[in-house]
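Novice: The structure follows.
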Amino acid sequence: MLLADSAQVADGKLYILGGGWSVTGPDPTPSAVAAIVAVDEHEFNTEHHWELFLEDADGRLVQFETPEGSQTIEIRGDFSTTSPADLPAGSPVEMPIAVNFGPIPLTPASRFTWRMVINGESLPGATVSFSTRPLAALVDE
């Protein structure tokens, strides 16, 4: 997984713009989470469910106030893959995932983590963390 300014999946490939950052803000800016999930042969032709959560430095889901009340950012999806005919036996298939976000109002000078859970499991490498810059000090004029 990695953070990017923007990402998309096309023709089985992951296209990333401005990828690999770990510091943002303090102003809200658009962003994306890009991931490659390796699907092993025994998992082909099976529906897999993924979920992406934004957590604070203490591992709690980040809450935002909305007109409908307090909400968290939780994105969900499903995928399934098959083995290409020319793939050697035992080879995994990479499944690209791209999730784009509009500007998210995050607390300045804080640490956050995107956590991806697949089929209910947090897998190694399924997190990416970042920090927000502090607000600039006001200059007396």
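Novice: Go through (1) surrounded by 10 or more Cβ atoms within 10 Å (Cβ to Cβ); (2) closer than 18 Å to Thr107 by Cβ; (3) modelled with pLDDT under 95 and name the single condition Leu54 misses.
Specialist: It is condition (3) that Leu54 fails.
Novice: Just checking: which of the strands (runs of 3 or more DSSP E) contained wholly in region 32-141 hold 1 or more residues that are touching a Pro at 6+ places or on another chain (Cβ under 6 Å)?
Specialist: Counting at least 1 such residues, we get 121-132.
Novice: Among all residue pairs at least 6 apart or on different chains, which show Cβ distances below 7 Å where the first residue, located in region 55-73, is closer than 17 Å to Gly102 by Cβ and the second is at pLDDT below 90?
Specialist: What qualifies is Gln71/Phe64.
Novice: Next question, about the same structure. Within the bounds of region 97-109, is there any residue that is within 21 Å of Ile16 (Cβ to Cβ), without any contact (Cβ under 8 Å) to a residue 60 or more places away in the chain and touching an Asp or Glu at 6+ places or on another chain (Cβ under 9 Å)?
Specialist: The answer is no, given that none of the residues of region 97-109 is within 21 Å of Ile16 (Cβ to Cβ), without any contact (Cβ under 8 Å) to a residue 60 or more places away in the chain and touching an Asp or Glu at 6+ places or on another chain (Cβ under 9 Å).
Novice: Which condition number in (1) more than 19 Å from Phe53 (Cβ to Cβ); (2) under 14 Å from the mean Cα position of the chain (by Cα) is the one that Trp114 fails?
Specialist: It is condition (1) that Trp114 fails.
Novice: Which residues, counting only those in region 5-21, are assigned to a strand (DSSP E or B) and in contact with a Leu (Cβ under 6 Å, 6 or more places away or on another chain)?
Specialist: Ser6
The values are calculated or read from the model by the stated rules, or taken from the named source; none is laboratory data. Here the structure is a predicted model, which is why all the values come from computation and not from measurement. Methodologically, a virtual Cβ is constructed for each residue, glycine included, from the backbone with ideal geometry; neighbour enumeration extends over all protein chains shown.
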